[in-house]
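Asker: Once you've had a glance at the structure underneath, I'll fire off some questions.
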Amino acid sequence: MPSLVTPALPAGSLASMDQTAITGDGVLLRAWTEADRAAVVAGFADPDIQRWHCRSLDDDEALAWIARWRTGWLAETEACWAVVADGVVAGQIGLRRIDLAEGMAAISYWTLPAARGRRVAPRALEALTSWAFHDLGLHRLELSHSTANTASCRVAGRSGFPAEGTKRAEARHADGWHDMHLHARLATDPAR
């Protein structure tokens, strides 16, 4: 069925380019490589990351996880970057559920324990947000987190993502269903 609305971004907006390295305030967002396998395994072995992302990975699964992002980029459905601070992988940040026609995506992020408390996540989020709006041309970015995850709520607020509401029992974690806060930012919001 033909749409009566012109897509916000044409198909091919991501797939036509290589995954961009993004620089921010003391952070570098770059494509994952096989050499990052140990950092991925360590991330998904961390109890805090497991609590909110509900995953663990062994070495082979970490390699598959890394390879998945190239496929997602080419399919224009998702993209993920290694967050590098002080020369080492400090976490991940990604665009999920990319919808070019609607000009929107959802964001996910985590940081390794050694990077916590150093504002790595907000700096990475600000860098990705700027790139997504100004270089890619998205209109809306959303992020959700468990209402019990106060650290993610602080990251969202510090990065200019106001809370829009609570999605009741929206995500299932190991301890049951969690209400999720929804935060969003528009390309037309004031610059930070």
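The values are calculated or read from the model by the stated rules, or taken from the named source; none is laboratory data. All figures in this text were calculated on a predicted structure; none of them were measured in a lab. Using ideal geometry, Cβ is built from the backbone for each residue, glycine included, and neighbour counts are taken over all protein chains shown. Calculation scope for accessible area: heavy atoms of the full protein, side chains included, ligands and nucleic acids excluded. Shrake-Rupley method; radii C 1.70, N 1.55, O 1.52, S 1.80 Å.
Asker: Hey, any idea what the orientation-averaged projected area of the convex hull of segment 94-192's Cα atoms comes to, in nm²?
Answerer: Directional mean of the projected Cα hull area for segment 94-192 stands at 6.6 nm².
Asker: Also, quick follow-up: Would you compute, from DSSP H runs of 4+ residues alone, the mean residue ellipticity of the chain at 222 nm, taking -39500 (n - 2.57) per run and dividing by the full residue count, rounded to the nearest 500?
Answerer: -8500 deg cm²/dmol
Asker: In segment 1-155, if the dipole is taken from +1 on Lys/Arg beta carbons and -1 on Asp/Glu beta carbons about the Cα centre, which of GLY24, PHE44, ALA11 is farthest to the positive end?
Answerer: Value: GLY24.
Asker: Okay, next question. Which residue, SER144, SER16, SER159, has the most motion in a Gaussian network model of the chain that connects Cα atoms within less than 10 Å?
Answerer: Greatest mean-square fluctuation among the candidates belongs to SER16.
Asker: OK, next. If I take R0 = 35 Å and measure r between the Cβ atoms of ASP48 and ALA101 in this structure, what FRET efficiency does the formula 1/(1 + (r/R0)^6) give, to the nearest 0.05?
Answerer: 0.50
Asker: Next question, about the same structure. Calculate how large, on average over all directions, the projected area of the Cα convex hull of segment 1-85 is; give the answer in nm² to one decimal.
Answerer: Across all orientations, segment 1-85 yields a mean hull projection of 8.0 nm².
Asker: Continuing with this model, one more query. Please list, short to long, the whole-number percent of alpha-carbon pairs of the chain in consecutive 10 angstrom bins beginning at zero.
Answerer: Result returned by the calculation: 9, 36, 39, 15, 2, 0.
Asker: Can I ask one more? Using a 1.4 Å probe on the protein heavy atoms, what percent of the accessible area of the chain belongs to carbon and sulfur?
Answerer: 52
Asker: What percent antiparallel are the DSSP beta bridges of the chain, to the nearest 5?
Answerer: Around 90 percent of the beta bridges assigned by DSSP in the chain are antiparallel ones.
Asker: Grab the Cα-Cα distance for ALA35 and ASP60, subtract it from 0.36 nm times how many residues apart they are, and report the gain in nm with one decimal.
Answerer: Going from the current span to full extension adds 7.7 nm.
Asker: How big is D for segment 61-105, in µm² s⁻¹ as a whole number, if Stokes-Einstein is applied with the Kirkwood radius of its Cα pairs at 25 °C and 0.890 mPa s?
Answerer: Taking Rh from Cα pairs, D becomes 214 µm²/s.
Asker: Sticking with this one: Just how large is the dipole of segment 97-192 about the Cα centre, in debye to the nearest 20, putting +1 at every Lys and Arg Cβ and -1 at every Asp and Glu Cβ?
Answerer: The calculation lands at about 440 debye.
Asker: What is the distance, in nm, between label points placed 7 Å from the Cα along the Cα-to-Cβ direction at ARG172 and at THR147?
Answerer: Label-label distance for ARG172 and THR147, simple model: 2.0 nm.
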